[in-house]
Amino acid sequence: MEKEYFHSVILKEDRCIGCTSCLKVCPTEAIRIIDGKARIIDERCIDCGECIRICPNHAKSAVTDNLNVLDKYKYTIAIATMSIYGQFQPNISINQILNSIKAMGFNEVYDTTLGAKIISGLISRYLLLKKKVEGPLINSSCPAILRLIQIRFPDLLPNVVDIETPMEITARIVKIDAAKKTGLDLKEIGVIFFTPCTARATSIKNPLGIKNSYIDAAISIKDIYGEILKNLSVNPSYSVNVETTKETLKWVSAGGQAKSLGMEKYLAVDSIHEVIKVLEDLELGKLEGVDFLELMACRESCIGGPLVIENSFIARAKIGNHAKSLSPLTYTDEEIDQYIKMYEEGFVRLTETIEPRLVMSLDKDISKSIQKMELMREILKNLPGIDCGVCGAPTCRAFAEDIVKGENNHSLCIVKTIESFKNKNLKRKGENKIES
Amino acid sequence: MSAIKYTFQIEKDDFSRAGEASSSIKKILMQVGSEPSLTRRVAIATYEAEMNIVIHSDGGTISVMIDPKCVMVLAKDNGPGIENIELAMKEGYSTATDRIREMGFGAGMGLSNMKKCSDEFSIESKIGEGTTIMMNMCVKEGE
C-alpha cells in the first residue's frame with residue numbers, strides 16, 4: 001500500500017473565490033468546489049500543476065522549501081533543473097547562474113546534465129536494444145506523467161523505462177561523492193533541488209518506483225528567482241563542475257530527450273491534455289512504428305513548468321542560444337559499460353514496481369460498481385449535461401459519480417432547480433388563468 | 001448477477017466522431033473498476049468494430065454488456081454485408097477504398113484484431129442485410 005498522499009499542490013483557502021477555472025483543466029478530475037472553496041481529491045491528484053497555472057487568484061500554490069533548510073545540514077549541494085538557464089537575460093551565462101546559486105551558501109552546485117546523459121546513454125545503447133515489451137518505450141522522466149499512467153493507463157506501465165529521473169540520478173552520484181570526499185554521513189549532507197514543477201517536489205517526498213529519494217528538499221524557481229537575480233553580479237569565482245552539452249541542455253525543452261537518443265522512430269508530446277490523447281491512441285494500438293515516446297506534462301516540457309517565471313516559448317529560445325556554444329554529447333565505451341552496470345545493480349533503476357491505482361472506479365467491489373453505474377445513468381438522465389461546474393463538480397457526469405459514491409449530498413444542480421422553479425411558476429400562472 | 005448494458009449509435013462515414021463509442025466504453029470500464037488489461041482488450045476490439053462500421057457499413061450500433069467478470073460486445077450494422085467472411089478475416093485483406101487507405105485506415109487488420117482480443121468471437125453476415133459480430137472477453141486467471 002502507498003503511504004498517505006503527500007502533494008506539493010495545495011490551496012490557499014483565503015484566496016480561493018470558488019470560481020471553476022481549476023475544475024475544468026484538471027486532467028484527472030481531482031478538484032471539487034465544496035462550500036465555495038476548491039478541494040483536491042488526494043488520491044487522484046497527479047501534481048501536474050495545471051491548476052496552479054490557471055488560477056486567476058493565485059490560490060493554488062506549491063509546498064516547497066526555502067533556504068532555511070540549509071541550516072539542517074553540515075554540507076549542502078544544490079542541483080538545479082537545466083530549465084533555470086532559460087529564465088534570465090540572454091547575456092547571463094550558465095556559469096554566472098550556477099555561481100549565483102552557490103553564493104546562497106551551498107558547498108557545491110550542479111545541474112541535471114549528469115543524470116540526463118546517463119539516461120540517454122542507457123536508453124539508446126541498452127534498453128532500446130533489449131526491448132521486449134510490445135509498443136514504444138515511454139520516458140520515466142516526468143513524474144506527473146508517471147502518475148497519470150498509473151491511474152489512467154495502467155496497462156501501459158510495462159512500457160515505461162525503469163530508470164530514475166535526471167535529478168535523482170545526479171543527486172545519488174554527487175551525494176555519495178561528497179560523503180567520500182568529506183567523510184560525512186549521508187544524513188549530514190543536504191541535497192536541495194531547484195525545481196521547475198510541483199510533480200518533482202512531490203516525487204522527492206513521495207517517490208514512485210524507488211524507496212527513498214536522495215534529495216532532501218525542493219526549492220521552487222519562482223521563490224528563489226529574486227535571490228538568484230541579486231547574486232548574479234557576484235564574481236563567478238567558483239569553478240563549476242558541470243559538463244552540460246548541447247543535447248543534455250535541450251532535455252528540458254520539448255523533444256529534447258527523444259532527440260538526444262539519436263534515433264528517428266520517436267514521437268515527442270508535450271502538455272498533459274495532448275499526452276492523454278496520444279496515450280489513448282497508443283492503447284488502441286494506433287502508434288505503429290514508434291520505438292520511443294517522450295511524454296511531458298507541461299507545454300514545451302520542463303521549461304514550461306508551473307513553478308518557472310519565463311514564458312515557455314521565450315525560454316526555449318534562450319535554451320537554444322545557450323546550447324549553441326556547448327559541445328555535443330558523446331560517450332566512451334567505458335562510460336556506457338559503467339552506466340549499464342549502474343542500471344543492472346539497481347543504482348539508477350526503478351527498483352520498486354509501480355502498481356496500477358484504480359482510483360477512477362466507483363467501488364472496490366465490481367458488482368457494486370456496476371449497480372452504481374446503473375444508478376449514475378439514471379441520475380445523468382435528469383441532469384442538463386451542460387457541465388457548468390456550479391454544483392462544484394467539473395462535469396454533470398462527475399456530479400452524478402460523486403452522488404452515487406456517496407461523496408456529495410450537499411450540492412444541488414442549479415440548472416435543474418431553476419427549471420423546476422420555472423415549471424412551477426408556469427403551472428401556477430396556468431392555474432390562475434383558469435381561475436380568472 | 002449484476003450486469004449493465006450500453007448501446008452506442010455509429011454513423012456511416014463520420015470520421016470526426018469515430019472512436020467516441022470505444023472511448024466512452026473504456027471510460028465506463030475504468031469506472032466499473034474492470035481489470036486494466038481486460039479494459040484495454042475491450043477498448044481495442046470495440047474501436048476496431050466501430051471503425052469497421054464507419055468505413056464499410058451503412059451505420060449500426062455497438063452494445064456492451066458488462067458483468068463483474070466478462071464483457072460481451074455486440075456490433076451490428078445495417079449492411080451491405082460481407083461477401084466472403086473467410087477472406088475478410090484474413091490479415092491484410094481489405095475492401096477499403098484508396099481514399100480510406102490514404103487516411104491511414106483499411107489495413108485489413110480489423111477483424112483479425114477483434115478476434116485476437118476476444119475469448120469468444122463469432123461473425124454472421126448476410127448480403128443486403130448486414131453483419132453482426134459477437135465478442136466475449138473475460139478476466140483471465142492471474143490478472
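Structural remarks
- Condition broken by B:Lys140, with the remaining ones in (1) open to solvent by less than 80 Å² (accessible area, probe 1.4 Å); (2) over 20 Å from B:Glu11 (Cα atoms) satisfied: (1)
- Among the residues making up region A:357-369, a single one is basic (Lys, Arg) and either part of a helix (DSSP H, G or I) or crowded, with 18+ Cβ neighbours inside 10 Å (or both): A:Lys368.
- The listed residues are A:Lys324, A:Lys422, and the only one of them that is open to solvent by 30 Å² or more (accessible area, probe 1.4 Å), of a type in the set (Lys, Arg) and more than 30 Å from A:Ala116 (Cβ to Cβ) turns out to be A:Lys422.
- Taken over region B:16-50, residues that are more than 7 Å from chain A (Cβ to nearest Cβ), open to solvent by 10 Å² or more (accessible area, probe 1.4 Å) and under 11 Å from the mean Cα position of the chain (by Cα) amount to 3.
- Qualifying residue in region A:374-393 (condition: touching a strand residue (DSSP E or B) at 6+ places or on another chain (Cβ under 7 Å) and either part of a helix (DSSP H, G or I) or farther than 19 Å from A:Thr28 by Cα (or both)): yes
- Any hit, region A:138-149, residues being of a type outside the set (D, E, K, R), open to solvent by 20 Å² or more (accessible area, probe 1.4 Å) and either away from every other protein chain (no Cβ under 14 Å) or under 16 Å from A:Ser213 (Cα atoms) (or both): no
- Residue match in region B:98-105 (condition: within 14 Å of chain A (Cβ to nearest Cβ), open to solvent by 10 Å² or more (accessible area, probe 1.4 Å), part of a loop (DSSP other than H, G, I, E, B) and not aromatic (Phe, Trp, Tyr)): yes
- Note on region B:114-137: residues that are touching a Phe, Trp or Tyr at 6+ places or on another chain (Cβ under 9 Å) and crowded, with 17+ Cβ neighbours inside 10 Å total 4.
- Selection of region B:42-93 for residues being under 17 Å from B:Ser24 (Cβ atoms) and of a type in the set (Val, Ile, Thr) yields B:Val42, B:Ile44, B:Thr46, B:Ile53, B:Val54, B:Thr61, B:Ile62, B:Val64, B:Ile66, B:Val71, B:Val73.
- Pick from region B:65-92, criterion β-branched (Val, Ile, Thr) and surrounded by 19 or more Cβ atoms within 10 Å (Cβ to Cβ), ranking: farthest from the other protein chains (Cβ to nearest Cβ): B:Ile82
- Extreme residue, nearest to the chain's Cα centre (by Cα), among residues of region B:3-15 that are within 14 Å of chain A (Cβ to nearest Cβ) and modelled with pLDDT under 90: B:Phe15
- For B:Thr95: the one exception among (1) away from every other protein chain (no Cβ under 14 Å); (2) open to solvent by less than 60 Å² (accessible area, probe 1.4 Å); (3) of a type in the set (Val, Ile, Thr): (2)
- With respect to the stated conditions, A:Ser327 is under 30 Å from A:Val161 (Cα atoms), away from every other protein chain (no Cβ under 13 Å), small (Gly, Ala, Ser) and more than 27 Å from the chain's Cα centre (by Cα).
- The residues on offer are A:Gly226, A:Gly289, A:Gly209, A:Gly262, and the sole one that is surrounded by fewer than 18 Cβ atoms within 10 Å (Cβ to Cβ) and either within 14 Å of another protein chain (Cβ to nearest Cβ) or within 24 Å of B:Arg40 (Cβ to Cβ) (or both) is A:Gly289.
- Failed item in (1) within 14 Å of chain A (Cβ to nearest Cβ); (2) of a type outside the set (A, V, I, L, M, F, W, C); (3) open to solvent by less than 30 Å² (accessible area, probe 1.4 Å), with B:Ser57 passing the rest: (1)
- A:Lys372 within 14 Å of chain B (Cβ to nearest Cβ), of a type in the set (Lys, Arg) and crowded, with 17+ Cβ neighbours inside 10 Å: yes
- Looking only at region A:271-290, residues that are over 30 Å from A:Ile314 (Cα atoms) and either among the small types (Gly, Ala, Ser) or assigned to a loop (DSSP other than H, G, I, E, B) (or both) come to 6 in all.
- B:Ile62 being buried (at least 24 other Cβ atoms within 10 Å of the Cβ) and within 13 Å of the chain's Cα centre (by Cα): yes
- Flag for A:Ile169 being in the same structural domain as A:Gly115 (by TED's automatic domain parsing), open to solvent by 20 Å² or more (accessible area, probe 1.4 Å), outside any loop (DSSP other than H, G, I, E, B) and not basic (Lys, Arg): no
- Count of residues meeting criterion [open to solvent by less than 20 Å² (accessible area, probe 1.4 Å) and touching a Pro at 6+ places or on another chain (Cβ under 8 Å)] in region A:375-406: 1
Quick grid of which residues meet (1) at pLDDT below 95; (2) more than 25 Å from A:Ile303 (Cα to Cα); (3) in the same structural domain as A:Ala393 (by TED's automatic domain parsing); (4) part of a loop (DSSP other than H, G, I, E, B):
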{"residue": "A:Asp14", "(1), (2), (3), (4)": "yes, yes, no, yes"}
{"residue": "A:Ile17", "(1), (2), (3), (4)": "yes, yes, no, yes"}
{"residue": "A:Lys24", "(1), (2), (3), (4)": "yes, no, no, no"}
{"residue": "A:Ile33", "(1), (2), (3), (4)": "yes, yes, no, no"}
{"residue": "A:Ala38", "(1), (2), (3), (4)": "yes, yes, no, no"}
{"residue": "A:Asp42", "(1), (2), (3), (4)": "yes, yes, no, yes"}
{"residue": "A:Cys45", "(1), (2), (3), (4)": "yes, no, no, yes"}
{"residue": "A:Cys51", "(1), (2), (3), (4)": "yes, no, no, no"}
{"residue": "A:His58", "(1), (2), (3), (4)": "yes, no, no, yes"}
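- Out of A:Gly105, A:Gly115, one residue alone is on the phi > 0 side of the Ramachandran plot and in contact (Cβ under 8 Å) with a residue 24 or more places away in the chain. It is A:Gly105.
- So A:Ser411, is it in contact with a Gly (Cβ under 6 Å, 6 or more places away or on another chain) and within 14 Å of another protein chain (Cβ to nearest Cβ): no
- Qualifying position, being at pLDDT 95 or above and open to solvent by less than 70 Å² (accessible area, probe 1.4 Å), among A:Ile319, A:Ile354: A:Ile319
The values are calculated or read from the model by the stated rules, or taken from the named source; none is laboratory data. Just so we're clear, the structure is a prediction, and the values are computed from it rather than from any experiment. When we count neighbours, we look across all protein chains shown, and the Cβ atoms used for this are built from the backbone with ideal geometry, even at glycine. Ligands, DNA and RNA are excluded from the accessible area calculation, which covers all protein heavy atoms including side chains. Shrake-Rupley method; radii C 1.70, N 1.55, O 1.52, S 1.80 Å.
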